[in-house]
1. Scan region 101-110 and give yes if some residue there is out of contact with any helix residue (DSSP H, G or I) (no Cβ under 7 Å at 6 or more places or on another chain) and among the small types (Gly, Ala, Ser), otherwise no.
2. In region 79-121, which residue that is assigned to a helix (DSSP H, G or I) and of a type in the set (Ser, Thr, Tyr) is nearest to ALA12 (Cα to Cα)?
3. Could you list all residues from region 25-54 that are part of a helix (DSSP H, G or I), at pLDDT 90 or above and open to solvent by less than 60 Å² (accessible area, probe 1.4 Å)?
4. Evaluate region 55-74: report whether one residue or more is assigned to a helix (DSSP H, G or I), open to solvent by 70 Å² or more (accessible area, probe 1.4 Å) and either more than 29 Å from ASP109 (Cα to Cα) or touching a strand residue (DSSP E or B) at 6+ places or on another chain (Cβ under 9 Å) (or both).
5. Please go through region 75-89 and give me each residue that is charged (D, E, K, R) and either exposed (fewer than 14 other Cβ atoms within 10 Å of the Cβ) or farther than 16 Å from ALA1 by Cβ (or both), ordered by number.
6. Within the group ARG98, ARG102, ARG90, which residue is in contact with a strand residue (DSSP E or B) (Cβ under 9 Å, 6 or more places away or on another chain) and closer than 22 Å to ASN115 by Cβ?
7. Just give me the residues in region 7-29 being within 21 Å of GLY60 (Cα to Cα) and not hydrophobic (A, V, I, L, M, F, W, C), in sequence order.
Amino acid sequence: AFVSHSWHDDAAAKWGAMQQWRDEFVAEHQREPKVWLDKCCIDQNNIECDLRCLPVFLSGCKRLVVFLGPTYLSRLWCIMELFTFVHMCRGVDQIEFRLVLREGYEDVDYDAIKNPSGDST
């Protein structure tokens, strides 16, 4: 699975969502998930070169797991990952969305996800 997330979302909330996803995956498949995670799979000393390979990285993954927090939809790179995955003829049924909500701020974060522009309309 290709893990898509915003580095600007709360790390603890994201870790909790990832652990919950992992636990459910293990319960269903009786094995650990195989994931593509940018921090581990992209050469941090040569990011620009590896980022050009996004279609290759995505094509090697059967699923896209989106950890959707308050900043996800405002990050162009996150949207590019979604667009590229779908454009490569992967169905939207191969995308799994997981909410990233801070403890004690669930309503605030959920409202920010539902309305990323911040408009009150």
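The values are calculated or read from the model by the stated rules, or taken from the named source; none is laboratory data. What you see is a predicted model; the values in this text were computed from it and never measured. When we count neighbours, we look across all protein chains shown, and the Cβ atoms used for this are built from the backbone with ideal geometry, even at glycine. The accessibility values were calculated without ligands, DNA or RNA, using every heavy atom of the protein model including side chains. Shrake-Rupley method; radii C 1.70, N 1.55, O 1.52, S 1.80 Å.
1. yes
2. Here is the first cut: in region 79-121, the residues assigned to a helix (DSSP H, G or I) are 79-87, 92-94, 106-114.
Now drop any that are not of a type in the set (Ser, Thr, Tyr), which leaves 84, 110.
Working: THR84: 28, TYR110: 16 Å.
Only one residue fits best here, namely TYR110.
3. Step one: of region 25-54, the residues part of a helix (DSSP H, G or I) are 25-29, 38-41, 47-51, 54.
Those still in the list that are at pLDDT 90 or above too: 25-29.
Answer for region 25-54, where residues must be part of a helix (DSSP H, G or I), at pLDDT 90 or above and open to solvent by less than 60 Å² (accessible area, probe 1.4 Å): PHE25, VAL26.
4. Quick first cut of region 55-74, residues assigned to a helix (DSSP H, G or I) only: 55-59, 72-74.
Now narrow it down to the ones that are open to solvent by 70 Å² or more (accessible area, probe 1.4 Å): 56, 73-74.
Okay, now just the ones that are also either more than 29 Å from ASP109 (Cα to Cα) or touching a strand residue (DSSP E or B) at 6+ places or on another chain (Cβ under 9 Å) (or both), so 56.
Scanning region 55-74 turns up at least one residue that is assigned to a helix (DSSP H, G or I), open to solvent by 70 Å² or more (accessible area, probe 1.4 Å) and either more than 29 Å from ASP109 (Cα to Cα) or touching a strand residue (DSSP E or B) at 6+ places or on another chain (Cβ under 9 Å) (or both).
5. Here is the first cut: in region 75-89, the residues charged (D, E, K, R) are 75, 81.
If the condition is that a residue be charged (D, E, K, R) and either exposed (fewer than 14 other Cβ atoms within 10 Å of the Cβ) or farther than 16 Å from ALA1 by Cβ (or both), then ARG75 is the only one that fits.
6. Working: ARG102 fails: in contact with a strand residue (DSSP E or B) (Cβ under 9 Å, 6 or more places away or on another chain); ARG90 fails: closer than 22 Å to ASN115 by Cβ.
Exactly one of ARG98, ARG102, ARG90 is in contact with a strand residue (DSSP E or B) (Cβ under 9 Å, 6 or more places away or on another chain) and closer than 22 Å to ASN115 by Cβ, namely ARG98.
7. So in region 7-29, the residues within 21 Å of GLY60 (Cα to Cα) come out as 18, 21-22, 25-26, 29.
Listed by number, the residues that qualify are ARG22, HIS29.
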